[in-house]
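The values are calculated or read from the model by the stated rules, or taken from the named source; none is laboratory data. None of these values were measured; they are calculated from a predicted model. Ideal geometry is used to build each Cβ from the backbone, glycine not excepted, and the neighbour counts take in all protein chains shown.
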Amino acid sequence: MAWPYLAFFFNHVDDSIIILGSCVCGSNYPGGGAVQIDAAKLKKWLLEGFSIINEVFDKHGLPESEKEIFTRGLQEVVEQAGFHPA
């Protein structure tokens, strides 16, 4: 990974997180925009993503309360996308 902080700048309002997650965690692409998510890939992607969020906030001394809001927002986006193991 050349620059691991890219996902920090994704917008929680548009579909950028969903698109990235579908590409990174997909195990099958049956068509029509449908994606079957690989549970192991999803877990790895989320753990790396949350780790990077923690690193950015800790490195720059950003408030813990803001990190929690950011993390909950990311979690909501993933849940609303219906990312469930294949």
Filtered residues of segment 43-61 (kept if surrounded by 13 or more Cβ atoms within 10 Å (Cβ to Cβ), over 17 Å from SER22 (Cβ atoms) and among the aliphatic types (A, V, I, L, M)): ILE52, ILE53, VAL56
Every pair of residues 6+ apart whose Cβ atoms lie under 9 Å, when the first sits in segment 38-57 and is within 23 Å of GLY82 (Cβ to Cβ) and of a type in the set (D, E, K, R) while the second is modelled with pLDDT under 85 and buried (at least 16 other Cβ atoms within 10 Å of the Cβ): GLU48/ALA7
Unique match (being over 10 Å from the mean Cα position of the chain (by Cα), modelled with pLDDT under 85 and surrounded by 10 or more Cβ atoms within 10 Å (Cβ to Cβ)) among ALA7, ALA34, ALA40, ALA86: ALA86
Pair list, Cβ under 9 Å, 6 or more apart: segment 63-81 residue over 12 Å from PHE50 (Cβ atoms) and of a type in the set (D, E, K, R), other residue at pLDDT 85 or above and part of a helix (DSSP H, G or I): GLU64/PHE57; GLU66/PHE57
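Where in segment 16-86 are the helices (runs of 4 or more DSSP H), entirely inside, with at least 1 residues that are in contact with a strand residue (DSSP E or B) (Cβ under 8 Å, 6 or more places away or on another chain)? Give the derivation first.
Details: elements: 16-25, 39-59, 64-80.
Hits in segment 16-86: 16-25, 39-59.
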